[in-house]
Amino acid sequence: MYAVLDKDTIKNEILPHLSVAKRGFISKSSLIEVVNAILYKLKTGCQWAYLPVKELFSGKVLKYGAVFHHYNKWSKNGEWKSLWLQLLDKHRSELDMSSVDLDGSHTPAIRGGEEVGYQRR
């Protein structure tokens, strides 16, 4: 089984910030493994359909749609963003900002940028 983070870290740091199902529904797979699958997807950037679920789950293997359902639910509620901000705030002293890479979306446009507008070609 591939693990982005160990189970104790996910259980103690991440799961307390995320909501669980209401009305007594119990997931057939562990939420720790679901969070690990989401972290794998975010780390690698693979498409949801190509998520290697057989390698990410030890017991009951969920389909990629079920993993996306959990991620989408937590994202729409704003829980995933608040979790991210709280983890960054908690571990601020451990972050090494000496080597930060930015992509091209953060560089200024030389020829006008948004002022030019959409060019239909």
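Only the coordinates and a few stated rules stand behind these numbers; no lab work does. Remember, predicted model here, so these are calculated numbers, not experimental data. Every residue, glycine among them, receives a Cβ derived from its backbone with ideal geometry; neighbour counts consider all protein chains shown.
How many nm is it between the label spots at HIS91 and ALA66, if each spot is 7 Å from the Cα in line with the beta carbon?
2.7
If you take the alpha carbon radius of gyration of the stretch 7-93 and divide it by 2.2 N^0.38 Å, what ratio comes out, to two decimals?
Normalised Cα radius of gyration, the stretch 7-93: 1.08.
Please express the shape of the stretch 61-100 as an equivalent ellipsoid: the semi-axes are the square roots of 5 times the eigenvalues of the C-alpha gyration tensor, given largest first in whole angstrom.
Ellipsoid half-lengths, sorted descending, are 28, 13, 8 Å.
Can you work out the PRE-style zone for LYS81? Point 7 Å along Cα to Cβ, and I want the residues of the stretch 4-20 with backbone N under 12 Å.
Under 12 Å, as judged by backbone N against the label point of LYS81, lies no residue of the stretch 4-20.
Going by how many other beta carbons lie within 10 Å of each one, how would you line up LYS41, LYS54, LYS7, fewest first?
Ordered by Cβ neighbours within 10 Å, fewest first: LYS54, LYS7, LYS41.
Among LYS11/LYS73; LYS63/LYS90; LYS54/LYS90; LYS7/LYS54, which pairs are too far apart, with a Cα-Cα distance over 22 Å?
Exceeds cut-off: LYS63/LYS90; LYS54/LYS90.
Sort HIS17, HIS70, HIS91 by Cβ crowding within 10 Å, fewest neighbours at the top.
Final ranking by Cβ density, sparse to dense: HIS91, HIS17, HIS70.
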